[in-house]
Amino acid sequence: KKKIAVMTSGGDSPGMSPAVRAVVRSGIYFGCDMFAVYEGYEGLVRGGDLLKKMEWEDVRGFLSHGGTDIGTARCAEFRERKGRLQGAYNMVVNGIDALVVCGGDGSLTGADLFRSEWPSLIEELVQTGRLTAAEAEPHRHLTIVGLVGSIDNDMAGTDATIGAYSALERISEMVDYIDETANSHSRAFVVEVMGRHCGWLGLMSGLSTGADYIFIPERPPKHGKWQDELKEICSRHRGYGKRNTTVIVAEGAIDDELQPITAETVKDVLVELGLDTRITTLGHVQRGGTAVAYDRMLSTLQGVEAVKAVLESTPDIPSPVIGIAENQIVRQPLVDSVRDTKMVATAIEAKDFDKAMSLRDSTFAE
Ligand code: F6P
């Protein structure tokens, strides 16, 4: 019987719990023994109670739960070989030989490294006498499958990461609220949204709420010039009779000289324009709450696909990541997805912003 573990890792996102449910239940449906690794990679390193066998009813209700019911962490120990060695040991003694990881860029990169090191980790466990050759033999190969869980929508190879649309919904709702009080007082608001180095949440929430101006890392405004442009646009909109001004700043926003653009600097410009201005940093409300229907659908379809990918895996197939492209659930090599995601960061560092924008997926790139 195949033994598959599922884990959530990195920053949580709405849809992670539904993904765990889908993996556990489809695994059971396909006749596998299913496990959950609690607390992300920390659970793999510590083992014991954090590696728990899951039954059908253990994930009851998960579909409408926000965050992740099996916990998550950003684990420093797993970044060291020593931590990964302990993780491998805990998996082998529990008979687990496949791992479905739902997380962002960093977590999935870690997963792929774990797989590539696996044979040498097993060898070391045998050499140091922690495993016998007989114990190690059925575990010479590790299957890893990635599910992209992140509110940032920053991973190449998928049009949407699990959680991005829920966060977008949350932000849009909050900006609607802010617009009402802004309208009452004829005020300006600078709203800082999450996204790390990716502007998807900023761009799409700005579009969804009709913001006056949006700052995102992939399309930075001109150094020293954006202030005048911002003033010109906001006054033009005021001239049309608008009583509120809303500017969205993605947390990774920069100008074309790679200087950070913060909510504070934007506020100062609006104040110079004579606008009574407030800053709202939305923070972790963006990651909270239950998943919107799209993310529940995405995590469920992708969770089932992840288990199928585990069952079809062979040592010569590179670890896949499950994505959605043009409304189809797709698999592609995890390494390609990680490499293409890094290319965006490299393009931004090289100030090749057209390239950065075109490397983003689907609607974003338009
Ligand atoms: O990657 C998800 C994310 O919410 C980013 O948008 C943000 O930069 C970061 O995580 C915040 O991390 P933390 O929850 O550790 O403060």
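Looking at the range 289-308, can you tell me whether even one residue there is within 16 Å of the ligand (Cβ to nearest atom), on the phi < 0 side of the Ramachandran plot, under 25 Å from the mean Cα position of the chain (by Cα) and surrounded by fewer than 17 Cβ atoms within 10 Å (Cβ to Cβ)?
no
Residues are listed down the side, and each one gets a yes or a no for (1) surrounded by fewer than 24 Cβ atoms within 10 Å (Cβ to Cβ); (2) touching a helix residue (DSSP H, G or I) at 6+ places or on another chain (Cβ under 7 Å); (3) not hydroxyl-bearing (S, T, Y):
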site: F30; (1), (2), (3): yes, yes, yes
site: E39; (1), (2), (3): yes, yes, yes
site: G48; (1), (2), (3): yes, no, yes
site: M54; (1), (2), (3): yes, yes, yes
site: A76; (1), (2), (3): yes, no, yes
site: E80; (1), (2), (3): yes, no, yes
site: Y89; (1), (2), (3): yes, yes, no
site: G103; (1), (2), (3): no, no, yes
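So, of the residues in the range 159-177 that are assigned to a loop (DSSP other than H, G, I, E, B) and either within 15 Å of the ligand (Cβ to nearest atom) or in contact with a Pro (Cβ under 9 Å, 6 or more places away or on another chain) (or both), which turns out to be farthest from M357 (Cα to Cα)?
The qualifying residue farthest from M357 (Cα to Cα) is G163.
Any residue at all in the range 41-49 that is under 18 Å from G146 (Cα atoms), under 19 Å from the mean Cα position of the chain (by Cα) and within 16 Å of the ligand (Cβ to nearest atom)?
Scanning the range 41-49, I find at least one residue that is under 18 Å from G146 (Cα atoms), under 19 Å from the mean Cα position of the chain (by Cα) and within 16 Å of the ligand (Cβ to nearest atom), so the answer is yes.
Return the residues of the range 1-28 that are within 16 Å of the ligand (Cβ to nearest atom) and either at positive phi or surrounded by fewer than 19 Cβ atoms within 10 Å (Cβ to Cβ) (or both); say none if nothing qualifies.
Answer for the range 1-28, where residues must be within 16 Å of the ligand (Cβ to nearest atom) and either at positive phi or surrounded by fewer than 19 Cβ atoms within 10 Å (Cβ to Cβ) (or both): G10, G15.
Please verify whether the range 150-172 includes one or more residues that are surrounded by fewer than 18 Cβ atoms within 10 Å (Cβ to Cβ) and more than 23 Å from the chain's Cα centre (by Cα).
No, there is no match, as no residue in the range 150-172 is surrounded by fewer than 18 Cβ atoms within 10 Å (Cβ to Cβ) and more than 23 Å from the chain's Cα centre (by Cα).
Those residues that are of a type in the set (D, E, K, R) and assigned to a helix (DSSP H, G or I), I need them from the range 92-120; list them, please.
D105, D112, R115, E117
Suppose we filter G224, G202 for residues that are within 15 Å of the ligand (Cβ to nearest atom) and out of contact with any His (no Cβ under 8 Å at 6 or more places or on another chain); which single one remains?
Checking each option against the conditions leaves just G202.
Can you tell me which residues in the range 121-152 are farther than 19 Å from S17 by Cβ and assigned to a loop (DSSP other than H, G, I, E, B)?
Scanning the range 121-152 gives T128, G129, R130, L131, T132, R140, H141, L142.
Starting from the range 239-259, take each residue that is over 22 Å from N153 (Cα atoms) and list its partners that are within 16 Å of the ligand (Cβ to nearest atom) and part of a strand (DSSP E or B), counting only C-beta distances under 7 angstrom and pairs at least six apart or across chains.
T246/V191
Taken together, the values in this text are just the output of simple stated rules run on the coordinates, not laboratory data. The shown structure was predicted, so the numbers you read here are calculated from the model rather than taken from an experiment. Cβ coordinates were reconstructed from backbone atoms using ideal geometry, including for glycine residues, and neighbour counts include every protein chain displayed.
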